[in-house]
Structure formats: structure tokens, C-alpha cells
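Working notes for the structure below.
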Amino acid sequence: MKFQTFNKNSKKLLCFKERLIEVGLFLCAFLSILITLGIVFILISESIPFFREVSIRDFLTDPQWTPLFFDAHYGIASLILGTMVTTFVALSFAIPLGSIIAIYLSEYASHHVRETIKPILELLSAVPTVVYGYFALLFVTPLLQKIFPELSGFNMLSAGFVMGIMIVPYVSSLCEDAMRAVPMYMREGSLAMGATKLQTSLRVIFPSAISGIVAAYILALSRAVGETMIVAIAAGMQPNLTLDPREPAQTLTAYIVQVSLGDLPHGTVGYQTIFVCGLILFLMTFVFNIFGHVMKKLTREVYE
Amino acid sequence: MIPLKRRKAYDAIFVWLSGLVLFFSLLTLFSLMMSLLIQGVPRLNVAFFVSFPSRFAEQAGILSAWVGTLTVMSVTAVVAVPVGILAGLYLEEYASKNFLTSIIEINISNLAGVPSIVYGLMALGIFVYQMHLGQSILTAGLTLGLLVLPIIIVTTREALRTIPTTMREAAYALGATRWQVMRDHTIPYSMGGILTGVIIALSRAIGETAPLITIGALTFIAFLPSSIMDPFTVLPIQMFNWVSRPQEEFHQNAAAAGIVLIGLTLTMNALAIYMRYQFRKRIKW
């Protein structure tokens with residue numbers, strides 16, 4: 001054990017050292033701001049030259065997206081539609097399945113069952129997305145082709161489905177947190193009135209936790225929009241303006257992958273398109289994330 | 001008013017339904033594993049681990065890929081672990097509640113939700129084109145380091161929050177300075193939780209593919225890196241390359257690489273879950 005002797009100089013030194021450490025720690029925390037600024041700076045500075053070449057009107061209304069062809073068209077609509085359809089398919093699996101699991105874990109399951117099931121579910125989201133891509137392309141698609149024989153080898157249905165399964169644990173754990181934050185007396189009140197567990201869950205707990213649950217759905221939405229490898233592998237690499245999930249189509253993320261795999265020179269319009277797609281992705285997920293976190297905070301404030 | 005009998009029946013039906021849903025989710029996980037194992041196990045031999053990629057599927061291996069994963073992960077760990085832990089310490093122990101702090105907090109939770117491919121674009125712009133680090137192991141490690149930083153910060157904060165204030169107050173009362181309290185008490189006590197977060201973050205980084213594609217990972221590397229400025233490939237990139245080929249034989253290679261990859265990430269996650277469980281059980285304040 002070392003004893004600190006407190007003469008004036010050593011105290012000064014100690015204060016200085018403490019101050020230095022605090023500044024160092026602050027810089028580490030501040031780095032996260034720099035990352036965001038870096039992202040915004042790069043995305044915007046690479047997108048500006050693009051919008052000098054391409055008018056916003058063409059960008060929004062042209063039905064074709066062929067920046068790498070000789071006859072280049074820059075209509076973002078087909079990529080955005082691809083992203084929307086895969087996201088919709090994913091969420092239409094993830095939200096119902098995740099919500100049911102969450103209600104079960106929060107209201108029905110015993111402590112022991114919950115502690116067993118949750119880690120296993122977490123493994124679902126630990127599987128690397130490239131492995132999910134393999135699974136979607138080489139297992140789920142052949143399986144679905146037995147049900148829909150006209151289904152093409154690349155399609156948004158199987159990519160969306162696998163993405164949905166990947167997001168299930170994310171939805172279920174966030175929803176469960178929200179429902180468990182509802183105080184016990186709400187349950188007791190409802191049960192004392194003669195309601196069954198299901199009635200209590202659906203009519204008392206679920207509505208009381210609604211802002212947390214909506215937050216979970218929005219954060220899941222943000223996940224699905226930004227998911228890359230599954231759609232790049234299983235949904236195809238051709239922009240396709242369609243609402244039919246059985247068809248192949250390219251998403252914003254898959255387009256970035258496709259261009260990055262090629263060897264496009266720095267500074268060309270084709271190269272700038274990936275930053276434009278990145279900017280759209282960033283803006284969409286930014287809005288969802290912020291909105292999701294505000295909603296999540298709302299629930300916490302109500303019951304704490 | 002619905003009769004009690006029917007309401008109870010609905011209740012029972014819901015329990016069955018949730019059982020079915022859980023079964024379905026786990027069945028998917030199970031069939032994913034099985035499809036990988038059936039396709040991939042025949043390719044998993046020693047030659048697969050010590051061969052470079054090749055045009056011929058049956059001669060191809062993952063030597064450059066796993067060496068690449070190992071080196072990139074080392075860079076990632078060196079970057080993200082200290083910075084993440086220190087940032088977590090600052091936010092939990094030092095930061096006063098002011099505007100800047102709340103901006104940093106909102107920013108971190110947003111960063112955790114930014115698609116990984118956007119990090120890749122940022123790294124392409126900053127590390128590759130502005131700082132001229134090239135499409136190298138260093139760039140890849142830095143990119144993944146920034147990507148997992150929010151995970152480490154958040155888990156570090158959670159771990160620190162479990163330490164009761166009384167422990168800190170006791171140390172302060174004996175005349176310890178802030179840093180001494182942290183170095184000798186807060187950090188050692190929360191080490192378990194922090195390590196769990198680090199493992200989870202690294203297991204996420206091992207599986208990341210998209211940001212490394214955007215910064216220009218090569219898919220065919222037939223040599224081992226001699227410095228961190230060399231070009232690289234990693235396991236998920238190698239697997240992606242094999243999946244995207246039309247030939248069945250390459251799909252088998254992809255499955256074998258997938259088994260290795262999933263083995264790594266699931267082992268790390270299982271370890272993290274086990275550690276979390278152990279620490280929760282052991283520590284009683």
C-alpha cells in the first residue's frame with residue numbers, strides 16, 4: 001500500500017493527472033460525434049457532384065436505374081421500391097412472430113423458461129448475415145419453389161422472409177422489455193376483475209406498453225432497411241420496379257455492394273451513386289432511430 | 001360478454017400458438033445449421049484450412065481468409081476495446097448532465113442503428129481516399145472498430161451501472177481520487193460485464209461483410225499478409241464470393257466456410273451468455 005503525502009506540489013501534480021485523464025476519457029466519448037460527422041460529411045460531399053449532373057426531377061421520377069450503362073438513367077424509385085418490398089415482407093413475419101413471443105415471455109413464461117428461451121433466441125441474431133444469405137438462396141428459395149413453381153431463383157420473398165426471422169429476437173426482446181416495464185398492479189387489477197391472462201395481455205398490458213412496442217417496430221424497420229448481405233445474395237442484382245415479392249429486385253444496399261465489387265474509378269458519376277444511395281439509407285435510418293428512441297424513452301418516463 | 005369457458009379456451013390456444021411460433025423460429029435456426037452441415041461437412045478437412053482459394057472448387061481453401069479475419073480482428077480489438085471502454089467510463093462516471101452529454105448519448109444510440117454498409121462508405125471516403133491508408137487490413141480493422149464501438153460503450157455503461165454507489169463513496173471517503181476509485185474499484189468489479197460486451201462486439205465484427213466489400217476487400221488472395229498495409233480478405237467475404245458463383249461445388253465450399261464462421265460467432269456468443277450468467281450469479285452486493 002502506497003501512501004500519498006499531501007505536500008502542495010504532489011497535490012498539484014495529482015490534480016493535473018486527474019484533469020488529464022478526464023480530458024482523455026472525454027475525447028474517447030467525443031470520438032462518437034466525430035464518426036457521425038465523418039459519415040455525414042463524406043455522404044454529402046460525394047453526393048453534391050452527383051446532383052450537379054443529374055436533376056432532382058429525373059432522380060425522383062425516372063422509372064429506370066441504369067447508372068453503369070452507356071444509356072444511363074438515374075431513377076432512384078426502383079431501388080427504393082426494392083428496399084420497401086423486402087422490408088415489408090421481413091416485417092410482416094418479424095412483427096407478429098416477435099410480438100407473440102414477447103407476450104408469451106413477459107406474461108406467461110415462468111422465470112426458468114424465460115431464462116432458457118431468451119439466450120437461444122439471441123443466437124438467431126448472432127448468426128452472420130452472409131450465412132443467412134446462403135440459407136435464403138440455397139435452402140429457402142428451393143423450398144418455396146415447391147409451393148410457387150413460378151418463383152424465380154432470386155426473389156424478394158425468400159430474402160425478406162429470412163431477414164424477418166433474423167429480426168424476430170430483436171422485436172421480441174424490445175417488446176418484452178416494454179411490457180415488463182408495466183407495473184404489476186395493472187396486471188393485478190385486471191386479473192382481479194376476472195379477466196383471463198390473454199385479455200389482460202392484449203387489453204391492458206399491450207396498450208400500456210404501446211410506445212415501447214411501437215419503438216421496437218420502428219427500430220426493426222430501421223434494421224430491415226439497412227440489411228445488406230441477405231438481399232444482395234438472395235434478392236438479385238437487377239433493379240426492378242415491382243411490388244410483387246416473388247420477383248427479383250435490387251435494394252439500395254445491394255446496389256452499393258454490386259458497385260463496390262466492380263472496379264469503378266473514384267470521381268465518376270457511377271461511383272458517386274453509391275454515396276447517394278448511402279445518404280438516402282442514412283437519412284431513413286436516422287429518422288427511424290431517433291423516432292424509435294424518443295418513443296422508447298416515453299415508456300420509461302411513464303412508469304418510473 | 002364472452003363466457004368464461006370460451007375465454008379460458010382462448011387463453012389455452014394462445015399458449016399453444018406461442019409454443020408453435022417459438023418452435024417455428026427454432027426450427028428455422030435448426031434447418032439453417034443442418035443445411036450448412038449437410039453441404040459443408042464433407043469439405044471440412046485439414047487441406048481446407050491450409051489451402052489458398054483456387055479456381056478449382058475442390059482445391060480451394062480458407063487459409064488467407066481465416067488469417068485475414070484474425071489480423072483484421074486484432075486491429076479492431078486494439079482500436080475499439082480501449083476507446084469504447086474509456087468512452088463508457090466517461091459517460092457513466094464523469095459526464096455531468098448537460099447538453100453536450102445528452103447529444104453524445106443520443107448520437108451513440110443512433111450510431112448503433114446506422115446500417116453497417118454506411119460505415120463502409122464513410123471508411124471508403126475517409127480512410128481510403130482522404131487518409132490514403134489503402135484497401136488494407138488497417139482500414140478494415142479501423143472500419144469494424146468504429147462499427148462496434150457503440151456496442152462496447154453501451155455494455156460498459158451497463159456493467160458500470162451495476163456497481164453500487166456505496167462502493168465508490170467508501171473509496172472516496174478514504175481520500176481516493178476519481179481515477180484511483182475507477183482503477184482500483186469500479187473497473188475491476190465491472191470487468192466481467194465489460195468483457196462480455198467486448199466478446200459480443202467482436203463476434204459481431206467477425207460476421208460483418210458489407211462494410212468490408214465497400215472498402216474493397218479482395219475475394220481472391222493467394223498469399224499471406226506481411227504487414228497491416230497489405231490487401232486482405234476475410235471469412236465472410238470468402239463465403240460471399242463462393243455463394244455468388246453458380247457452381248454447386250463452390251456452394252459446398254461456401255457451406256464449409258459458413259460452418260467455420262457460425263462456429264466462431266456462436267462459440268463467442270455462448271461464452272458471453274455463460275459469463276454474464278456466472279457474473280450475475282456470483283456477485284451479490
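Here chain A yields Rg over Rh of 1.10, to two decimals, using C-alpha coordinates and the Kirkwood radius. Given R0 = 41 Å, the distance between the Cβ atoms of A:R203 and A:I290 translates into a calculated FRET efficiency of 0.85. Below 8 Å, C-alpha to C-alpha, sequence gap of six or more: please give me the relative contact order for chain A in percent. It rounds to 25 percent for chain A.
Computed across the range B:242-285, the Kirkwood hydrodynamic radius from all distinct Cα-Cα pairs reaches 12.7 Å. From the residues B:I215, A:P149, B:I200, which one has its Cα farthest along the dipole of the protein assembly as shown in the positive direction, the dipole being from +1 and -1 charges on Cβ of Lys/Arg and Asp/Glu about the Cα centre? Projecting each Cα onto the dipole axis, the largest value belongs to B:I200. Modelled label positions at A:M193 and B:E169, each set 7 Å beyond Cα in the direction of Cβ, lie 4.2 nm from each other. Here chain A is scanned for chymotrypsin sites (Phe, Trp or Tyr not before Pro) in DSSP loops (not H, G, I, E, B) that have at most 11 other Cβ atoms within 10 Å, and the longest stretch holding none of them is A:71-304. Each residue of the range B:188-199 is assigned a 3J(HN,Hα), and the resulting list reads x, 5, 9, 3, x, x, 5, 4, 4, x, 4, 5 Hz, derived from the Karplus form 6.51 cos²θ - 1.76 cosθ + 1.60 (θ = phi - 60°), x at Gly and Pro. Each stretch of four or more DSSP H residues adds -39500 (n - 2.57); spread over every residue of chain A, this sum gives -23500 deg cm²/dmol at 222 nm. Lys/Arg Cβ at +1, Asp/Glu Cβ at -1, dipole of the range B:198-281 taken about the Cα centre: which of B:S227, B:Q238, B:L271 is farthest positive-ward? Looking along the dipole axis, the top candidate is B:L271.
A helix-only calculation puts chain B at -23000 deg cm²/dmol for mean residue ellipticity at 222 nm, using -39500 (n - 2.57) for each DSSP H run of at least four residues, averaged over all residues. Summed over all non-identical Cα pairs, the Kirkwood treatment of the protein assembly as shown gives a radius of 25.6 Å. Of all aspartates and glutamates in the structure, the ones whose alpha carbon falls short of 16 Å from that of B:K281, not counting any fewer than 8 places away in one chain, are A:E115.
Of all aspartates and glutamates in the structure, those lying under 17 Å Cα to Cα from A:K118, and not within fewer than 8 positions of it along the same chain, are A:E107, A:E176, A:D177. Taking θ as phi - 60° and the Karplus parameters 6.51, -1.76 and 1.60, the scalar couplings of the range B:141-153 work out to x, 4, 4, 5, x, 5, 4, 8, 3, x, 4, 5, 4 Hz in sequence order, x denoting glycine and proline. The order of B:S244, A:S92, B:S136, going from fewest to most other C-beta atoms within 10 Å of their C-beta, is A:S92, B:S244, B:S136. Here the dipole of the protein assembly as shown is about 2280 debye; that uses its Cα centre as origin and unit charges on the Cβ of Lys and Arg (positive) and Asp and Glu (negative). Using the Kirkwood radius built from alpha carbon pairs, what does the Stokes-Einstein equation give as D for chain B at 10 °C and 1.306 mPa s, in µm² per second? In µm²/s, the coefficient rounds to 73. With R₀ fixed at 56 Å, the C-beta to C-beta distance from A:T61 to B:F23 puts the FRET efficiency at about 0.75.
Taken as Cα centroids, the range A:161-235 and the range A:120-134 sit 20 Å apart, rounded to the nearest whole angstrom. For the range B:11-116, applying the loop criterion from DSSP together with a ceiling of 10 other beta carbons within 10 Å to the chymotrypsin sites (Phe, Trp or Tyr not before Pro) yields B:F56.
Decide, for the range A:8-53, between rounded, prolate and oblate: order the square roots of the alpha carbon gyration tensor eigenvalues as a ≥ b ≥ c, take rounded if a/c falls under 1.5, and otherwise choose prolate if a/b is larger than b/c, else oblate. Taking the square roots of the gyration eigenvalues as a ≥ b ≥ c, the range A:8-53 is prolate. When Rg and Dmax are taken over the Cα atoms of the range B:4-43, they come to 17.3, 59 Å. Sorting B:T265, A:T116, A:T253, A:T200 from the fewest to the most surrounding beta carbons within 10 angstrom yields A:T116, A:T200, B:T265, A:T253. Annotation: the residues B:E169, A:E122, sorted from fewest to most other C-beta atoms within 10 Å of their own C-beta, follow the order B:E169, A:E122. For the range B:1-76, the Stokes-Einstein estimate of translational diffusion at 20 °C and a viscosity of 1.002 mPa s comes to 127 µm²/s, using the Kirkwood hydrodynamic radius over alpha-carbon pairs.
Close amide H partners of A:W65, meaning residues 5 or more places away or on another chain with modelled amide H under 5 Å apart, are A:G75.
Distance between the pseudo-spin-label points of B:E248 and B:S227 (7 Å out from Cα toward the beta carbon): 4.7 nm.
Here the Karplus relation 6.51 cos²θ - 1.76 cosθ + 1.60, evaluated at θ = phi - 60°, turns the backbone of the range B:116-121 into coupling constants of 4, 5, 5, 4, x, 5 Hz, with x for every Gly and Pro. The separation of the range B:120-196 from the range B:10-44, counted between C-alpha centres, amounts to 36 Å. Taken over the range A:19-127, the convex hull of the Cα atoms encloses 228 Å³ per residue.
Every number here is computed from the coordinates shown, using simple stated rules; none is lab data. It should be emphasised that the depicted structure is a prediction, and the values quoted were computed from it without experimental measurement. Backbone-built Cβ (ideal geometry, glycine too); neighbour counts: all protein chains shown.
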